[in-house]
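The values are calculated or read from the model by the stated rules, or taken from the named source; none is laboratory data. Everything numeric here is computed off the predicted structure, so don't read it as measured data. With ideal geometry, Cβ positions are generated from the backbone for all residues, glycine too; neighbour counts draw on all protein chains shown. Areas reflect the complete protein model, heavy atoms only, side chains present, ligands, DNA and RNA absent. Shrake-Rupley method; radii C 1.70, N 1.55, O 1.52, S 1.80 Å.
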Amino acid sequence: MTSTAQAAGRSPVRRLAGTLHRRPRLRLSLLLTAPLLWLAVLYLGSLAVLFVSAFWTTNSFTSEVVKVWSTDNFHALFTTPVFRQVILRSIGVALAVTALSAVIAFPVAFYTARVAKPKWRPLLVVAILTPLWASYLVKVYAWRLILSQGGFADWTLKPFGLSGPGFGLFAAVIALTYLWLPYMILPIHTALEQLPANLLDASADLGARAGRTFRSVVVPMVLPSVAAGSVFTFSLSLGDYITVQIVGGKTQLIGNLVYSNIELNLPMAAALGTVPVVVIVLYLLAMRRTGALSSL
């Protein structure tokens with residue numbers, strides 16, 4: 001019996017387990033190898049292919065990709081008025097969705113974190129997350145029905161002599177705000193929930209009114225979380241094209257141009273695809289200075 005136990009103790013599996021137990025760095029490296037390899041090969045590799053193909057050209061007669069290095073695609077991006085307008089419009093929509101999400105999310109998060117009874121707070125958080133469980137297309141088509149002629153928006157505003165916004169840029173901003181709003185509410189809710197109550201009490205004891213307490217105490221503490229939520233709302237809105245296709249009417253954003261050029265001019269589609277990547281990287285660098293990335 002003893003010899004059997006000793007043989008088992010000297011088995012390769014037991015020796016490997018002992019080695020990993022004694023060397024935590026080796027254990028961590030082995031655990032991270034698979035996800036890092038997946039990230040490097042599929043994500044970073046696909047981005048590298050995207051950047052490289054953006055410098056290729058297309059045969060004007062056959063529409064086939066010609067692997068000849070050229071900067072014509074990027075030159076066209078910044079010199080063609082249509083491309084410039086679409087890029088600026090896409091960034092503007094992403095900023096509008098982010099700002100609108102922050103305005104809506106703050107009072108909702110304040111109620112769920114500071115006003116509601118503690119026993120109801122988990123249920124409210126679940127209610128906020130519930131829309132994320134529904135299908136993306138179902139939610140967008142629901143907004144198409146709401147905003148369509150004779151839809152719920154028209155029915156609600158008709159007694160006031162008004163009509164719904166219909167399909168267009170405003171409808172796209174509203175739908176995108178609804179889609180990504182939970183990503184803004186949750187970080188703000190967490191920050192407000194962790195806000196020490198004694199800071200608010202101390203501000204009141206020092207004679208500060210509610211507005212001054214909000215500006216001097218609450219906003220500085222919550223601002224990194226707002227910036228963290230904006231990373232999601234901005235990046236998701238900037239790259240979206242399905243919502244604009246369904247409720248945006250004739251509005252074109254950069255995602256729609258990428259989609260429409262994939263079959264006709266793949267290098268131009270790749271060049272267009274680099275724009276949101278660069279914009280998002282610059283946005284992340286800007287948000288990093290606010291401490292937003294540590295709040296994710």
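Structure notes:
- The chain, helix-only ellipticity at 222 nm - DSSP H runs n ≥ 4, -39,500 (n - 2.57), divided by all residues, nearest 500: -22000 deg cm²/dmol
- Taking all protein chains into account, the per residue accessible area for the chain stands at 62 Å² (1.4 Å probe).
- For region 177-248, the direction-averaged projected area of the alpha-carbon convex hull comes to 5.6 nm².
- Accessible heavy-atom area order of Leu47, Leu77, highest first, probe of 1.4 Å: Leu47, Leu77
- Stretch gain in nm, segment Val277-Arg84, where the contour uses 0.36 nm per residue and the Cα spacing is subtracted: 67.9 nm
- Multiplying the residue separation of Thr71 and Thr156 by 0.36 nm and removing their Cα-Cα distance gives an extension gain of 25.4 nm.
- Rounded percent of accessible protein surface that carbon and sulfur make up, the chain, 1.4 Å probe: 68
- Taking all protein chains together and a 1.4 Å probe, the residues Leu129, Leu257, Leu206, Leu282 rank Leu206, Leu282, Leu129, Leu257 from largest to smallest accessible area.
- Estimated inter-spin distance, Thr19 and Leu39, nm [label 7 Å along Cα→Cβ]: 2.6
- Stretch in the chain that is longest and holds no trypsin sites (Lys or Arg not before Pro) that DSSP places in a loop and that have at most 15 other beta carbons within 10 Å: 120-208
- Per residue, the Cα convex hull of region 32-172 amounts to 247 Å³.
- Span-rule helices in the chain, defined as complete DSSP H runs reaching 18 Å or more along the axis (Cα) with Kyte mean at least 1.0: 81-110, 121-133, 169-193, 219-238, 266-288
- Shape box of the chain [Cα atoms, principal axes, largest first, Å]: 90, 73, 37
- Region 179-217-region 63-137 distance, computed between alpha-carbon centres (Å): 24
- Put simply, the amide H of Thr57, placed in the peptide plane, has neighbours under 5 Å in Val66, Val68, leaving out anything fewer than 5 places away on its chain.
- Region 32-110: radius of gyration over Cα atoms, expressed as a fraction of 2.2 N^0.38 Å: 1.69
- With R₀ set to 25 Å, the beta-carbon distance separating Leu95 from Ile242 gives a calculated FRET efficiency near 0.80.
- Counting only residues at least eight positions apart within a chain, or on another chain, the aspartates and glutamates with an alpha carbon under 19 Å from that of Lys119 are Glu193.
- Its Kirkwood hydrodynamic radius, worked out from the mean inverse distance over all distinct Cα pairs, puts region 119-159 at 12.1 Å.
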